[in-house]
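To start, the structure itself, in structure tokens.
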């Protein structure tokens, strides 16, 4: 039968819309295989990854998820105590309360009370300015998981009020907190120093310090901060997604308290030195018509054998408790501890014992004498004419005693404190050939002037003026040249010479023993009643070797003993009847006051005792206090009395250099 068109023998006509079957070729099969392999690989990778996340790393990710629900808080370690040489507490900790605000826990939009209501009411309870509180809380937006300390050392009424009404203060916490406490009151305030929140630079320099940590900012607190600060702890607390606490704080590890720092300071001697300073100022005001501006000073008591500092008194002073707890500029200003209030109160924050700079006046004369002897221009036994004045190149230089007229040797010149005797030494030294250098400046530096003493709390280096310094310092040609008058003025501790009381105490310790010590305050560091570190034990350095120099020092010592015991001595009325032999020198130094546009006399006394075996050096200066024998010597005597447990009476001396 013939084939019918339309296909396959069918009688049905073909449909032109019908296509022929699609034929699969090799290229199509290859593409399908590749796509299938990729799909299988992706599926296997996903299965393996899920298995790894759930089986292998499941515990790790569970821990991370749980950590996202835990707040960690740095626990401040209690600072170590500071005690004196007899273990009497000078600084300790006091447990108190501070109020904190957690930004994440404050009310949100639409909540009642509002955030503004909470902060305004809190400011009223704590007596802080609302604007300051708003500003500090808003600044914590970038770090909502750390609190803002609104006020430290709050009283019981304030803390109880907040705790009893906690529902009215969401986001507000009352937490225990340690602040520094001072059982001895004002004792050694500038020396002990204070603590404060770590600065950005301190955090940058020390990785162990974190924001909010309290670190020493000055004095002993700063010098031994590594020992005192202790080791902070960490506390954990469960929180919800809004940052609200859901459990109590649990500490792990606990903070470790700081070590106890024992100082060489003797609390009794320090107390007497501070009182003596105030007494000396009052004596100056009562006995000297031109001393109405006597309003400050310092006393240093030093062991000349090992450099132990037994007392550092500075006046005016302040209560160190002003830095405990929350510190405000208003509180500091009341004590004269801000830049604007310091001038009016004569800068009570300045430790004048280590940072007060003064011309030493006649207390410097032993240095001039040694320089003259060592440079060969003075025979100590030879006599020079002590007169009421000296004329050099047409310039008049007055003696403190205008009626002086006698031929004297060096010990007598020191006892009398004859200015014109030392003027002549200055003339002779100025006339030396250049090859001899600058003998006065050289020996001033040998005795430790013009450089730091090495005490741990830091000090000022002062200034020993030299020809090179003068050329650089002064602009006018006539002032840049070192003239005879410059050496004459320097010979009696004037010119541009600047020293600290601690430097002068060290200098007189050198005269007493022939050795220069490094002053230090640290006696030991104690941890768990065990000594882990002893104080500085640097051996004293001989000023100059040889018996020849020792003999020359003996001549100086003789003059200093005559100054306190001979009838002509400038402080014999004060020390002459004291049962312990004391040697020392008075000084009256002119210093210009920018405030009053005139010169005032700075009253000095420096000395040591007993003379045969020195145990104590005392150096006292009364600012604008007139003559040293009138105000400074009696103040120094009170310190010797306490140290040697002696009593003595003396008649108020007449004004002497």
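Bear in mind that the values in this text are calculations on the coordinates, not laboratory data. Remember, it's a predicted structure, so these values are computed and weren't measured experimentally. Note: ideal-geometry Cβ built from the backbone for every residue, glycine included; neighbour counts use all protein chains shown.
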Of (i) 20, 56, 23, 1; (ii) 16, 36, 22, 13, 6, 3, 2, 1, 0; (iii) 17, 49, 27, 6, 1, 0, which one was derived for P(r) over Cα pairs in 20 Å bins from 0, in percent from the structure shown?
(ii)
How far, in nm, would the chain grow between residue 436 and residue 156 when pulled straight, counting 0.36 nm per residue and subtracting the alpha carbon separation?
93.6 nm
Could you work out how far the C-alpha centroid of region 198-241 sits from that of region 459-481, in angstrom?
43
Computed, not fitted: 222 nm per-residue ellipticity of the chain from DSSP H runs ≥ 4 (each -39500 (n - 2.57)), nearest 500, equal to -10000 deg cm²/dmol
Please report, for the Cα atoms of region 95-171, the Rg to one decimal and the Dmax as a whole number; what are they, in angstrom?
11.8, 38
The extension gain from residue 234 to residue 50, computed as 0.36 nm times the residue separation minus the Cα-Cα distance, is 62.8 nm
For region 85-113 and region 328-349, what is the centre-to-centre distance using only Cα atoms, to the nearest Å?
26
For helix 501-513, what angle does its Cα long axis make with the longest principal axis of the chain, in degrees from 0 to 90 and rounded to 10?
60
Which order do 453, 466 fall in if you start with the one that has the fewest other Cβ atoms within 10 Å?
466, 453
Place a point 7 Å from the Cα of residue 168 along the Cα-to-Cβ direction; which residues of region 96-139 have their backbone N under 16 Å from it?
112-128
I'd like the distance between the alpha-carbon centres of region 166-183 and region 267-315, rounded to an integer number of Å.
40
Helix 58-67 sits at what angle to the longest principal axis of the chain, using alpha carbons and giving 0 to 90 degrees rounded to 10?
50
Sort 110-121, 375-386, 596-607, 254-265 by the packing proxy (mean of other Cβ within 10 Å over each peptide's residues), most packed first.
596-607, 254-265, 375-386, 110-121
For the pair residue 483/residue 382, report the inter-label distance in nm, with labels modelled 7 Å from Cα in the Cβ direction.
2.7
Going by average Cβ neighbours within 10 Å, how do the peptides 454-461, 513-520 rank, with the highest at the top?
513-520, 454-461
How would 500, 45 line up from fewest to most surrounding beta-carbon atoms within 10 angstrom?
45, 500
The helix 628-644 Cα axis meets the longest alpha-carbon principal axis of the chain at an angle in degrees, between 0 and 90 and rounded to 10, of 70
Using r as the Cβ-Cβ distance of residue 176 and residue 331, and R0 as 22 Å, what FRET efficiency do you calculate, to the nearest 0.05?
0.45
Please report 565, 645, 627, 452 as a ranked list, fewest other C-beta atoms within 10 angstrom at the top and most at the bottom.
645, 452, 565, 627
